[in-house]
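Below: one structure, written as C-alpha cells.
Readers should treat all values here as calculations from the given coordinates under stated rules, not as data from a laboratory. This structure is a prediction, so every number in the text was calculated from the model and none was measured. Neighbour counts run over all protein chains shown; Cβ positions are idealised from the backbone, glycine included.
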C-alpha cells in the first residue's frame, strides 16, 4: 500500500467504499498533496467511504455523482458531513472524466444574452481582458434589470432619461473611480448596440462624464525608513515570517501589484539570468531584474518556508488545502498586519502603498518620471505624472511668491 494511503482498519474501511472504492487511493493522494494532516485525511476518507456505500445502496454509480446527489447525502448527514470534502471529491471525479461537468443552462434570458454578446464583443473586437469584463458587465446587468425588470428587453425603447435615472440612483453609492468604470461601461455598451443595429439613437452621448481629479492629491506613500521598518517587522525565524518578508521585499523593491504577486509561479524565475517574469495588466508580460536581497529571500523561502505541494504558485497557503493565494486580498492583509506590527500609521494599508513608496523614493533620489514609469511598467505617461508632485523642493522653485497686501 502506498504511503499516502491509510493502513490498518481504515484501509479496509476505505477499500469497502462501495462504488467509490476505485477512486479512494487517488483522492487520498490528492489530500496529501494539499497538505492535510494525517488525522484530517483519515476523517475525510471515512466520509468518502460512507458516501460510496450510500451510493451503492441506492444503485448509483460514481458517474452519477453531481451537486444534487452530494447535497442529498449531506442532508442525510444532518450537519456531520463536510461539504468541502465532497466538493473536492466531485471535482476530482470530473477532472478524471468519471463524472460529467454540469451542463450550461440552455434557457438563456434576454439580459443574459445581451450581456454575453457584449462580453464577446469586448473580448474579440476590443481585446479586453477578463478582469476588464468583470468591471464592465455587472453595470450593464444592473442597468437592464432596473430598466426592464422581468419584462422583455427592447433596447429601442431606451431613452436618455432612462440612463440619467439609473446613474442618479447608482452614482451616490460608489466612489469616483468606480463611477468612472460605470459610465465607461455604459458608454461602451450603447456604442456596441448602435454598431450592431439594435438602437438608432446615440445613447452613448447621453452618458455624462464623471469628475475624478486623480492628480489633485499627493500619492500616499511611506518614508524610506518606514519601509525598512515594515520589512524588518517580519519574524524571519518562523515559516510565516519568512514568507511575509519575501513578499514585502517583492512589493517594496520591484513595485509589484498584489495581483502580480498572487500570479507568480516557480516557472517565472530565471535563476541563471537573475530575472523575474511578471504578468501584468491586460496579459502583458515583463522581465525585471531580481535585486540581491530579494533573490536571497526568495531562495530562503523556497528552501525553508514553502510547503511541499503540487501547485506551481510561488506563494502558498501555510494551512491546508495547500494552494496559491485565492486573490489579492491575501497580499493586502499581509501588508496591513505588517503595518500594525511596525507601529506605522498610514491612511492606506494595501499592497499599492509600497508601490507608491518605491516611486516616490526613486524621485527623491533623482530618478526621472520615464525611469519610474519603466520600473512600474506604466502604459501611459499620464499615470506616472502623478508622482511629479512628490518632489516638493522642485515645485517650490517653480511657485510664484504670494503677493503682499501692498502689492495686491
Subject >> Exposure proxy order (Cβ contacts within 10 Å, fewest to most) of 133, 318 >> reply: 318, 133
Original post:
What angle, in degrees between 0 and 90 and rounded to the nearest 10, separates the Cα long axis of helix 352-364 from the longest principal axis of the Cα atoms of the chain?
Top reply: 40
**OP:** Take the Cβ-Cβ distance between residue 46 and residue 164 as r, set R0 to 60 Å, and report the resulting FRET efficiency rounded to the nearest 0.05.
**Re:** 0.50
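Sort 51, 192 by Cβ crowding within 10 Å, fewest neighbours at the top.
The most exposed by this proxy come first: 192, 51.
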Original post:
From the list (i) 27.5, 99; (ii) 22.2, 62; (iii) 26.5, 88, can you say which value of Rg and Dmax of the Cα atoms in Å was derived from the structure given?
Top reply: (i)
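Want the number for residue 228 to residue 303: 0.36 nm per residue separation, take away the alpha-carbon distance, what's left?
So the chain would gain 24.6 nm between residue 228 and residue 303.
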**OP:** Could you line up 309, 77 from fewest to most neighbouring Cβ atoms inside 10 Å?
**Re:** 77, 309
Subject >> Nearest 10 degrees, 0 to 90: helix 130-148 Cα axis against the chain principal axis >> reply: 90
**OP:** Could you work out how far helix 38-57 tilts from the main Cα principal axis of the chain, as a 0 to 90 degree angle to the nearest 10?
**Re:** 60
Original post:
So what is the 222 nm mean residue ellipticity for the chain from helices alone, if each DSSP H run of at least 4 adds -39500 (n - 2.57) and you divide by all residues, rounding to the nearest 500 deg cm²/dmol?
Top reply: -16500 deg cm²/dmol
**OP:** Return the FRET efficiency for the residue pair residue 284, residue 336: r is the Cβ-Cβ distance, R0 is 22 Å, and the value is rounded to the nearest 0.05.
**Re:** 0.20
Original post:
Once the Cβ-Cβ distance between residue 178 and residue 327 is put in as r, and R0 is 22 Å, what FRET efficiency do you end up with, to the nearest 0.05?
Top reply: 0.80
Subject >> Segment residue 135-residue 120, extension gain: residue separation times 0.36 nm, minus the distance between their alpha carbons >> reply: 4.0 nm
